[in-house]
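Trainee: Supplied in structure tokens, the structure appears directly below.
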Amino acid sequence: MSHPDHEIDSNPTNNPHFESVLSQALASPSRRMVLRGGLGLAGLAVLPGCATLMGASGGQMASALGFPSLDKSLLDDVVLPPGYRYTVLHATGDSLDPKLPAYSNTGAEADDWSRRIGDHHDALDIYFIDAQGRYTETDTGRAVLVVNHESSADAHLMHPQGQTSNGVSGKKFTQFGDWDLGARPELEVLKEINHHGVSVVEVVRGPQGWTMKADSPLNRRVTAQTPARIAGPRAHIDEIRAQMVTRWETSGSMARGTLNNCGHGKTPWGTYLACEENWAFYFQVAGGAAIAAKETTARRRYGVASAPPAAGQTRAISQGWHTVSTTDDRFARWNVAAVGANAERDFRNEANTFGYNVEIDPLSPSSNPVKRVSMGRMAHEGAVCSLPKAGQPLAFYMGCDARNEYIYKFVSTALWDPKDIGGGISVGDKYLNEGRLYAARFDADGRGQWIELTIKDPRIANYAAFKFENQGEIYTQTRIAADAVGATKMDRPEWAAVNPKNGEVYVTLTNNSAANRTPGRVDAANPRAYMDVDGKKGAGNPNGHIIRFREDADTATATAFRWDIFLFGAEEDAGDANLSGLSAKNSFSSPDGLWFSPTTGICWIQTDDGAMTDETHCMMLAALPGQVGDGSKVTAKNRMLVNGVEQTGTQETFVGATLGDARLRRFLIGPKGSEITGVTEAPGGRALFVNIQHPGEESKSVTDLQSQWPGNKGYGRPGRPRSATIVITRSDGGVIGV
Ligand code: FEO
Ligand code: CA
Ligand code: CA
Ligand code: CA
């Protein structure tokens, strides 16, 4: 989801910016290769999705990219290199139930979105099925594809005339924009509630390639109303449940639905983690008694109803879903005001039930999703697992996507046992409830520290800004605990990905605003503050960067790591800001989605950009990375206007080896107004699954459309644009990218 400039920054702390002189040169780049040298063939067999780790041809991973880099594109189509083609697998509104009519693409649908593909395709992953119907990591030609459906920013396109408020239709309300809080129609709100969540659909490979099996009993929608279990560490589950009590479920052990699912995780045992990102913007405070000061502090830190309408005003950020009814819980739950006598009589705690990684067993349509509270509450962008090693804990790396938020990791107490593959949600209970939660601090010397978030840390126990009562509150007020220990404020952490060659962890930092990054407010890990030279002329860190790190001793349990910056996004004509030597052939801005192919080792980079879109739509690039420390120490020369006055400064940092046109190439460019997000492959790498989110995002109305993709290319009824999953193949059937 693109994030307009008026997105709320809700980190008020003065956590350090690191301006001290660099004291330590980068250590030797030569490192043990975890997979080839340290794990051995026995270990390879237990890696999920890594059956073809040595490459489809049985050789090494790719050492060169096998396609010409694309020129920039402003076409209303998905553009690919010569010899590549795409088909649409499914798009917003497609039916998952043979009894439903085909999608009208006019907003004519009834309340049937819980049986249609949702909107805003985001992360995705694929789960193969063996002859016995069990999960397998082998390509059997039959699988379920799981897709996150992020947000309602295009909800106007699913109503006949756009959204309606106070009886006036034809509106376009955005997720982050001002909201008219007038009463909304029940049908519109139900459609909006149910197009959120996750879709699970069976896909099969036939003569026409991969297609959706529309009548499969495995097809499922998880929506913003689907019951989900609240799970956490045994010693603190009662502390957690006490914060989840609502009128709907007074024990706090169950919650309803998942919202704004953005990035994801695939667990080594074969389940899906749907990560809840901008869930905070769905709630409103309407009426009721005063909220306690501590609770107000917590809400502000997460942006929950943080801009309630003042007396006489009618506008604030929310979806207005609460306006339909005060007695029907499907709608009343979105009002987090203290309107009842206590928490068992209203929904004051409803927002506490969002902000988690939600585990879904893709092969068990009747199983409840589970909210993994032990992994912390934040604007979860993704949860990517370390390379699993038998007998060792698992680490999950997680970004919290808002300006100046942090990078986290969760380390399981349980030791990885490959026999757990295929065990479903109960295996999730084994690995994802008991563990340690950490926040990252990036130091100026190229080292970093994982700081455990525990009530035993006096900085948390005695934190003045928020009185933590117990460890349970650290899992639900995770951002505040990370504030207390001085984690490093990053330029909007988006996806993480783990390099299958060496276990290094990459995290996209998509961008930051001029209000947060100035030449006087940078640090080694977020070193740039500059102005775009032409076109949109954003300032701060408008193009973003990708940071990477390597855990000490290559262990999940490491409490320290070494980092550098893999790539800096920039326009090729950005001068001093172009620290990665990008050219017109591989310039990019606002990296977001990120994934390594286990077949080729290609690092796929996807963008969600608004800074460079005057020159090209969002894109996907292929990179062949080296490793942490393969580049050099550099000095970022920063220059920008701050309140009309030019400010300059320098910041030393570490940049990876320049990839050049040979090792970084544009592979895909999306239609107008789209973001490229979500990527995986069928084992062997001959089919790539990619999501195209919100084409036509800047459509002014349902009749003044910015894009008409994919209808303009023959998919479904022409007219309004739709988010979609596409499948990319090579005409000659070869491995993608090489
Ligand atoms: Fe949903 Fe952080 O992008
Ligand atoms: Ca520009
Ligand atoms: Ca330019
Ligand atoms: Ca994203």
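Trainee: For the subset of region 530-544 comprising residues that are open to solvent by less than 10 Å² (accessible area, probe 1.4 Å) and in contact with a Gly (Cβ under 6 Å, 6 or more places away or on another chain), which member is farthest from ligand 1 (Cβ to nearest atom)?
Mentor: Result: Asn543.
Trainee: Quick check on region 83-90. Is at least one of its residues open to solvent by less than 60 Å² (accessible area, probe 1.4 Å), on the phi < 0 side of the Ramachandran plot and part of a loop (DSSP other than H, G, I, E, B)?
Mentor: No, region 83-90 contains no residue that is open to solvent by less than 60 Å² (accessible area, probe 1.4 Å), on the phi < 0 side of the Ramachandran plot and part of a loop (DSSP other than H, G, I, E, B).
Trainee: Same structure again: Scan (1) under 24 Å from the mean Cα position of the chain (by Cα); (2) modelled with pLDDT of 95 or more for the single condition Glu186 breaks and write down its number.
Mentor: The single condition Glu186 does not satisfy is (1).
Trainee: Kindly indicate whether any position in region 641-648 is free of Cβ contacts under 8 Å to residues at least 40 places away in the same chain, farther than 28 Å from Pro268 by Cα, more than 16 Å from ligand 2 (Cβ to nearest atom) and not in a loop (DSSP other than H, G, I, E, B).
Mentor: Yes, that holds for at least one residue.
Trainee: Among the candidates Ala482, Ala402, Ala439, which residue alone is without any contact (Cβ under 8 Å) to a residue 60 or more places away in the chain, under 21 Å from the mean Cα position of the chain (by Cα) and buried (at least 23 other Cβ atoms within 10 Å of the Cβ)?
Mentor: Going through Ala482, Ala402, Ala439 in turn, the sole match is Ala439.
Trainee: Take the residues in region 496-515 that are of a type outside the set (D, E, K, R) and open to solvent by 10 Å² or more (accessible area, probe 1.4 Å); name whichever of them is nearest to the chain's Cα centre (by Cα).
Mentor: Across region 496-515, the extreme among qualifying residues is Ala496.
Trainee: Taking the condition away from ligand 3 (no atom under 16 Å from the Cβ) and more than 29 Å from Ala553 (Cβ to Cβ), does Ala482 pass?
Mentor: no
Trainee: What tally of residues in region 106-158 results from selecting those that are part of a loop (DSSP other than H, G, I, E, B), of a type in the set (A, V, I, L, M) and away from ligand 1 (no atom under 16 Å from the Cβ)?
Mentor: 4
Trainee: Do any strands (runs of 3 or more DSSP E) lying entirely in region 245-359 carry at least 2 residues that are in contact with a Leu (Cβ under 9 Å, 6 or more places away or on another chain), and which ones are they?
Mentor: 261-266, 272-276
Trainee: Another one. Among the residues of region 592-639, how many are within 16 Å of ligand 2 (Cβ to nearest atom) and in a strand (DSSP E or B)?
Mentor: Of the residues in that region, 3 qualify.
Trainee: Among the residues of region 552-588 satisfying the criterion of being of a type in the set (Ser, Thr, Tyr) and within 14 Å of ligand 3 (Cβ to nearest atom), which is most open to solvent (accessible area, probe 1.4 Å)?
Mentor: Within region 552-588, the match that is most open to solvent (accessible area, probe 1.4 Å) is Ser583.
Trainee: A further question on this structure: What is the residue count in region 189-217 for residues that are open to solvent by 50 Å² or more (accessible area, probe 1.4 Å) and either modelled with pLDDT of 95 or more or closer than 19 Å to Thr92 by Cβ (or both)?
Mentor: The number of residues fulfilling the criteria is 4.
Trainee: Return yes or no: is Arg247 over 27 Å from the mean Cα position of the chain (by Cα), open to solvent by 50 Å² or more (accessible area, probe 1.4 Å) and farther than 17 Å from Ala351 by Cβ?
Mentor: No.
The values are calculated or read from the model by the stated rules, or taken from the named source; none is laboratory data. Just so you know, these numbers come straight off a predicted model, no measurement behind them. All Cβ positions, even for glycine, are placed from backbone atoms using ideal geometry, and neighbour counts span all protein chains on display. Note: areas computed on protein heavy atoms with side chains; ligands, DNA, RNA excluded. Shrake-Rupley method; radii C 1.70, N 1.55, O 1.52, S 1.80 Å.
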